[in-house]
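Colleague: Sending over a structure as structure tokens; questions will come in a sec.
The values are calculated or read from the model by the stated rules, or taken from the named source; none is laboratory data. Small disclaimer: the values here were computed from a predicted structure and weren't measured. A quick note on method: Cβ atoms are made from the backbone with ideal geometry, for glycine too, and the neighbour counts reach across all protein chains shown. The area values use the complete protein model at the heavy-atom level, side chains included, leaving out ligands, DNA and RNA. Shrake-Rupley method; radii C 1.70, N 1.55, O 1.52, S 1.80 Å.
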Amino acid sequence: MFKSTYTKLLRETRGTFTIEASFVMPLILLSTLSLLFLAVFVFQSSSAQQSAGIAADRAAFTWDNSTKNTITGAYNSGEDDGLYWRLHSDSISDLFAFLIPNAASQVTLPTAASSGDRSPEGKLRRIGAAISKEWNGMMQYRNSGIFREVSVYLNKPFHSPKYAEKLLLHEVQSTAQAQVVDPVESIRIIDLTRTFISEVKGRLSPRAAVETFTEPTSVPEPRAVINSHASAVKYLQTLVNGKAETVRVNAATERQVDALDANQVAHQAFYTFNESQLRQVQMPKDAELLQEGTQIKGVVWHFFKQSSRDTVTLSASFRQELQRKGIVIVIHE
């Protein structure tokens with residue numbers, strides 16, 4: 001009897017669909033979810049590639065002018081980085097990286113734009129500010145002379161299900177490069193070279209060129225050492241070919257001029273000074289002399305750096321006040 005019952009159960013077809021579905025459906029569900037996460041990963045990778053590529057291209061075609069619109073490249077007439085931007089705003093030090101190790105200009109993403117900054121880092125920030133804040137990474141610029149390249153590296157974490165962590169990467173990343181081209185400058189250099197050679201050719205013989213490199217017969221004078229107010233006055237008198245004079249400002253005030261030249265221009269030397277004292281005492285005297293205009297035709301203040309200082313420091317307000325009074329400033333460093 002047990003054998004016949006067992007045989008009936010084996011031949012019974014009711015409930016087979018439920019049993020089969022209990023095995024197949026989890027596989028179908030896992031496969032569907034895996035395909036969805038794969039699609040999201042591919043989408044994120046494509047988005048990273050697009051963002052990096054657009055950022056690199058925009059940085060490259062706006063590199064020669066910081067005022068260009070980062071999307072259209074448009075700019076107003078007269079707005080540029082100046083004639084010599086390639087010398088001070090194009091990472092020219094990268095050309096000597098083989099002698100002195102020098103890191104490329106780079107900024108970390110995300111970043112914010114800085115208005116008025118025309119350095120390589122400032123140009124990279126202008127473009128990097130337009131990249132979505134969800135992306136991390138770096139923008140880099142390197143000048144190799146003939147080849148100038150902008151590189152963009154983007155990445156962000158990607159969270160995949162536990163069962164797919166070994167199949168998918170833990171982050172989405174992308175890299176893009178764009179070459180900076182300057183056709184206007186290239187045409188200018190080629191045209192200059194072509195016209196310069198035709199103008200110079202035949203005008204200078206090899207013998208004349210060698211003679212220009214002959215050693216000088218005279219020994220240059222030693223450089224003046226200024227370490228006190230007296231030495232500064234002496235140097236100033238020699239420089240302008242003037243002499244010390246006492247000039248009467250008014251009935252009660254006199255002005256000691258350090259060096260009065262042949263054109264009646266008064267030159268004053270300042271080695272150690274205090275802006276407050278100059279404003280209250282010296283400036284009114286010279287301003288009155290200039291206004292009177294008979295004894296003194298001009299006033300020049302010469303500021304000398306002290307031995308222990310690298311530069312002469314004058315406040316912007318003090319400079320402006322001297323200029324309004326008609327007093328010329330000369331810095332000796």
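Colleague: Within region 283-328, work out how many residues are under 19 Å from Tyr235 (Cβ atoms), modelled with pLDDT of 85 or more and open to solvent by less than 40 Å² (accessible area, probe 1.4 Å).
Modeller: Adding up the residues that qualify gives 6.
Colleague: Follow-up question, since we're still on this one. If the requirement is being touching a helix residue (DSSP H, G or I) at 6+ places or on another chain (Cβ under 8 Å), of a type outside the set (S, T, N, Q), in a helix (DSSP H, G or I) and within 30 Å of Glu171 (Cα to Cα), which of these qualifies: Ala60, Ala55, Ala39, Ala48?
Modeller: On inspection, the qualifying residue turns out to be Ala55.
Colleague: Residues of region 194-223 being surrounded by 10 or more Cβ atoms within 10 Å (Cβ to Cβ) and either more than 39 Å from the chain's Cα centre (by Cα) or at pLDDT below 75 (or both), which ones?
Modeller: Of everything in region 194-223, just one residue is surrounded by 10 or more Cβ atoms within 10 Å (Cβ to Cβ) and either more than 39 Å from the chain's Cα centre (by Cα) or at pLDDT below 75 (or both), namely Leu204.
Colleague: Does region 80-88 include one or more residues that are under 21 Å from Val184 (Cβ atoms), modelled with pLDDT of 85 or more, open to solvent by less than 60 Å² (accessible area, probe 1.4 Å) and part of a helix (DSSP H, G or I)?
Modeller: no
Colleague: Right, here's the next one. Which one is least open to solvent (accessible area, probe 1.4 Å), of the residues in region 127-146 that are closer than 22 Å to Leu87 by Cα and hydroxyl-bearing (Ser, Thr, Tyr)?
Modeller: Tyr141
Colleague: While we're here: Go over the candidates Val184, Val180 one by one and state the one that is at pLDDT below 85, of a type in the set (A, V, I, L, M) and within 23 Å of Arg148 (Cβ to Cβ).
Modeller: Step by step, each of Val184, Val180 is checked, and only Val184 is at pLDDT below 85, of a type in the set (A, V, I, L, M) and within 23 Å of Arg148 (Cβ to Cβ).
Colleague: Given the conditions (1) over 44 Å from the mean Cα position of the chain (by Cα); (2) open to solvent by less than 70 Å² (accessible area, probe 1.4 Å); (3) within 16 Å of His229 (Cα to Cα); (4) among the polar types (S, T, N, Q), and given that Thr253 satisfies all but one, which numbered condition is not satisfied?
Modeller: Evaluating Thr253 over (1) over 44 Å from the mean Cα position of the chain (by Cα); (2) open to solvent by less than 70 Å² (accessible area, probe 1.4 Å); (3) within 16 Å of His229 (Cα to Cα); (4) among the polar types (S, T, N, Q) leaves (3) as the failure.
Colleague: Surrounded by 13 or more Cβ atoms within 10 Å (Cβ to Cβ) and modelled with pLDDT under 85: which single residue out of Ser115, Ser91, Ser105, Ser119 fits that description?
Modeller: Going through Ser115, Ser91, Ser105, Ser119 in turn, the sole match is Ser91.
Colleague: Collect the residues in region 35-78 that are aliphatic (A, V, I, L, M) and surrounded by 14 or more Cβ atoms within 10 Å (Cβ to Cβ), keeping them in residue-number order.
Modeller: Result: Leu38, Val40, Ala48, Ala52, Ile54, Ala55, Ala56, Ala59, Ala60.
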